[in-house]
1. Filter the stretch 178-192 down to the residues that are without any contact (Cβ under 8 Å) to a residue 40 or more places away in the chain, in a helix (DSSP H, G or I) and either open to solvent by less than 80 Å² (accessible area, probe 1.4 Å) or among the small types (Gly, Ala, Ser) (or both) and list them by number.
2. Under 6 Å by Cβ, and 6 or more places apart or on different chains, what pairs join a residue from the stretch 1-21 that is within 20 Å of Ala63 (Cβ to Cβ) with one that is at pLDDT 75 or above and surrounded by 11 or more Cβ atoms within 10 Å (Cβ to Cβ)?
3. From the list Glu129, Glu141, Glu158, exactly one residue is out of contact with any helix residue (DSSP H, G or I) (no Cβ under 6 Å at 6 or more places or on another chain), surrounded by 16 or more Cβ atoms within 10 Å (Cβ to Cβ) and among the acidic types (Asp, Glu). Which is it?
4. If Ala78 satisfies every condition in (1) out of contact with any Leu (no Cβ under 6 Å at 6 or more places or on another chain); (2) over 24 Å from Thr38 (Cβ atoms); (3) open to solvent by less than 30 Å² (accessible area, probe 1.4 Å) but one, which is the exception?
5. Determine if the stretch 53-73 includes at least one residue that is open to solvent by less than 70 Å² (accessible area, probe 1.4 Å) and farther than 24 Å from Gly123 by Cα.
6. For the condition aliphatic (A, V, I, L, M), within 16 Å of Arg24 (Cα to Cα) and assigned to a helix (DSSP H, G or I), what is the one hit in Ala78, Ala67, Ala93?
7. Residue under question is Ala125, and the condition is that it be part of a helix (DSSP H, G or I), of a type in the set (Gly, Ala, Ser) and touching a residue at least 12 places away in the same chain (Cβ under 8 Å); does it hold?
Amino acid sequence: MQQDSGRRRSNRDRTEATRADLIRAARKLFTEKSYAETGTPEIVAEAGMTRGALYHHFADKQALFAAVVEQEAAAVAAEIDHAAPPSLSARDALIAGSDAYLKAMRAPGRTRLLLLDGPAVLGRAAMDEIDNRHGNRSLREGLVAAMRAQAMTRLPAEALTALLAAAFDRAALAIEAGASGEDYRAVLIALMDGLSPAPPPSKRPAPSR
């Protein structure tokens, strides 16, 4: 019984290792050459495997690409979550998460994978689903926390998340192209601070007659 259990575990470990090697090889080539310019023969050669091994784990090149994108999106979300622990105030958590996102997106090839090839290859709807499981989920949780703490005006969370996420993505693309990261960071923080509730009007004493 224990031998069978160990064999199953060993098989599972080998399967996971093979899958990880294929994803690693594909990521390297997709970021160096783009999805369109990368063929499956190159991927299996980079991974040191056969095409049969690739098709055993993934239906096709697009399915492998989706796995690469999912892994990259999860890595970005992990960095955001690590930078914004529950001990921070709602506003500080949003700023820390914003900084972590912009930093994470500077990893070589990541903007191409997540912001250019991702939507083009997988489609906007599929890419939104991936984003909502990872980076957008982190952003939405931060926004909801800020609204509950009354540090932000209550607004529809899904719409607010989608629009702010688009702004963050645009900033990441601009920074990748050489724009000032500090400029975009300042504007993103100003956008979030602009969502703070307006202070109540001060009550001035009535003029004496």
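The values are calculated or read from the model by the stated rules, or taken from the named source; none is laboratory data. For clarity, every value in this text was computed on a predicted model and none was experimentally measured. In this analysis, Cβ positions are derived from the backbone assuming ideal geometry, glycine residues included, and neighbour counts consider all displayed protein chains. For accessibility, only protein heavy atoms count, side chains too; no ligands or nucleic acids. Shrake-Rupley method; radii C 1.70, N 1.55, O 1.52, S 1.80 Å.
1. Taking the stretch 178-192 as the starting set, the residues that turn out to be without any contact (Cβ under 8 Å) to a residue 40 or more places away in the chain are 178-180, 182-183, 186-187, 190-191.
So of that shortlist, the ones also in a helix (DSSP H, G or I) come out as 182-183, 186-187, 190-191.
Listed by number, the residues that qualify are Ala186, Ala190.
2. Within 6 Å, the pairs are Arg19/His57; Asp21/Ala47.
3. Glu141
4. (3)
5. Yes, there is a match, as at least one residue in the stretch 53-73 is open to solvent by less than 70 Å² (accessible area, probe 1.4 Å) and farther than 24 Å from Gly123 by Cα.
6. Ala67
7. No; evaluated as a whole, the condition is false for this residue.
For (1) in contact with a Cys (Cβ under 7 Å, 6 or more places away or on another chain); (2) among the hydrophobic types (A, V, I, L, M, F, W, C); (3) at pLDDT 95 or above, each residue gets a yes or a no:
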{"site": "Pro156", "(1), (2), (3)": "no, no, yes"}
{"site": "Thr161", "(1), (2), (3)": "no, no, yes"}
{"site": "Ala172", "(1), (2), (3)": "no, yes, yes"}
{"site": "Ile175", "(1), (2), (3)": "no, yes, yes"}
{"site": "Lys203", "(1), (2), (3)": "no, no, no"}
{"site": "Ala206", "(1), (2), (3)": "no, yes, no"}
